[in-house]
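The values are calculated or read from the model by the stated rules, or taken from the named source; none is laboratory data. Being a predicted model, the structure only gives us computed values, none of them experimental. Cβ sites come from the backbone with ideal geometry, for glycine too, and all protein chains shown count toward neighbours.
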Amino acid sequence: MNDSDTTTRDAVLALGSHEELAQRLNLVPSRDMARGFVFITTLNAVRSEAGEAVLKRCATAAEGGSFIPFFNYPIRSLLRLFYTAAWELSGKYGGFERAMWHLGARSAPDFMKSAVGKMLMALSGTNVKQLISGIPVAYPTVYDHGSCTLVWTGTTSGQLHLHGNLLPPPFIEGAVVHVLQAVHPQGLFVQVRRVAPTKNVLTVSWEATQGEDEPSSP
């Protein structure tokens, strides 16, 4: 590998460019997978918002005609689908990042309807800390791709560290915001930063409400 190849692999490139997608595809292991419902929700968004011609282009990018919700499919195919869909929807949502955020938000309801999502909600009730604590447990049921760990930074704040993760930060942010909104937290703040080509850090905070317990120590 020459110096230019090393720089391309290690640099954090501008989100949404063809070069940046190529970098992600180069970095993601071929064995990494995602559940089919993530593909399905993305294709459904394209079908309802952009029409059949765009849907066909996105399905071609995803390298599949149909997907089964809880079967596994390659992360590489998912990334190609995400980027093609976000490029196509950029005009509607005011740019690539907002379109990608929207795709993340669209994935959350289907997750919450799944057996894992329902169990997560049953265990957390209306407690936002409990819901956040369940995200690292739920993560591998959707993505066989990297890891997700939680670090509490305060009574009502924490960080999710996504190692070996090539999912676009706006998608992650949109999905987590909509999952957490299920318990109606006050003053919710969610922000994802791509701190390295294969690492995202999600910071979350909210306003305390009466009766909330302290988070457990990691």
Apart from one, (1) under 28 Å from Ala11 (Cβ atoms); (2) modelled with pLDDT under 90; (3) out of contact with any Asp or Glu (no Cβ under 9 Å at 6 or more places or on another chain) all hold for Pro197; the odd one out is (3)
By residue number, the members of the stretch 141-150 that are more than 12 Å from the chain's Cα centre (by Cα) and at pLDDT below 95 are Thr141
If we keep only residues of the stretch 51-79 that are of a type in the set (A, V, I, L, M) and under 21 Å from the mean Cα position of the chain (by Cα), then the residue farthest from Ser90 (Cα to Cα) is Ile68
Under 7 Å by Cβ, and 6 or more places apart or on different chains, what pairs join a residue from the stretch 69-94 that is within 12 Å of Thr42 (Cβ to Cβ) with one that is buried (at least 19 other Cβ atoms within 10 Å of the Cβ) and among the charged types (D, E, K, R)? Leu79/Arg24
Please state which of the following conditions Phe67 fails to meet, knowing it meets all the rest: (1) more than 24 Å from Ala182 (Cβ to Cβ); (2) assigned to a helix (DSSP H, G or I); (3) in contact with a Phe, Trp or Tyr (Cβ under 6 Å, 6 or more places away or on another chain). (2)
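If the requirement is being under 18 Å from Pro169 (Cα atoms) and polar (S, T, N, Q), which of these qualifies: Ser66, Ser77?
Working: Ser66 fails: under 18 Å from Pro169 (Cα atoms).
After ruling out the rest, the residue left standing is Ser77.
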Of all helices (runs of 4 or more DSSP H) completely enclosed by the stretch 99-218, which ones contain at least 2 residues that are crowded, with 19+ Cβ neighbours inside 10 Å and touching a residue at least 60 places away in the same chain (Cβ under 8 Å)? 128-142, 169-180
The lone condition Leu15 fails out of (1) closer than 17 Å to Pro168 by Cβ; (2) surrounded by 19 or more Cβ atoms within 10 Å (Cβ to Cβ) is (2)
